[in-house]
Amino acid sequence: MSLSEFCPQLFSFRSCRRARPRGNVAGMMMGAGFTVAEVMARGGKACWRCSVCQGQGPVDLVAVAAALGMDATLGNRRPPCRVPGCPGRVRFLDANSTWPLPLDTITDADAAWWTFDDQERARLTALGWRMVMGKWTAPDPVTPPSPATPAPPPSSR
Ligand SMILES: [Zn+2]
């Protein structure tokens, strides 16, 4: 049995629409607060993105629904990135339109956004990561000591 058969009302976008913060007119915040059911009703695609490794990928919404329920939202969640070696945290977007819509309801207009930003910056910096040209860069590998002997001359033919 598919999820839509199991709970058809969850697949009607209008019936499960909830009150959302105002200010969505420009379309920038269209996805804010979408529930799992809403994202499924819109086409069933969501993705994660990591601002540290720039990774992104699909989200298994069926697994999310099983774990959190259809009324849960992936907005404002920041689980650890699963890319090996990446210390970042991911955010989630509705991926059912040409431009993915952030599911977060918290934006850079909210103090909570900056609190999180500061905490992440401190955490990543403590791990040795640095912000370079707007991107997080992994700690430099240990610089080998300069060689005691000069480099060999270029081989002649
Ligand atoms: Zn990452």
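Extension gain for the segment residue 138 to residue 99, taken as residue separation times 0.36 nm less the Cα-Cα distance, is 11.2 nm to one decimal.
Work through the residues other than residue 138 whose Cβ is under 15 Å from its Cβ and net out their charges, Lys, Arg +1 and Asp, Glu -1.
After counting each charged neighbour, the total is +2.
Note the direction-averaged projected area, equal to a quarter of the hull surface, for the Cα convex hull of the range 41-88, in nm². Reported value for the Cα convex hull: 3.7 nm².
Show me 30-36, 118-124 ranked by packing, highest mean number of other Cβ atoms within 10 Å first.
Values: 30-36: 22.7, 118-124: 13.1.
In descending order of packing, they fall as 30-36, 118-124.
A Förster radius of 35 Å, combined with the Cβ-Cβ distance separating residue 62 from residue 107, puts the computed FRET efficiency at roughly 0.75.
Taken together, the values in this text are just the output of simple stated rules run on the coordinates, not laboratory data. Remember, it's a predicted structure, so these values are computed and weren't measured experimentally. FYI the Cβ positions are ideal-geometry reconstructions off the backbone, even for glycines, and counts take in every protein chain you see.
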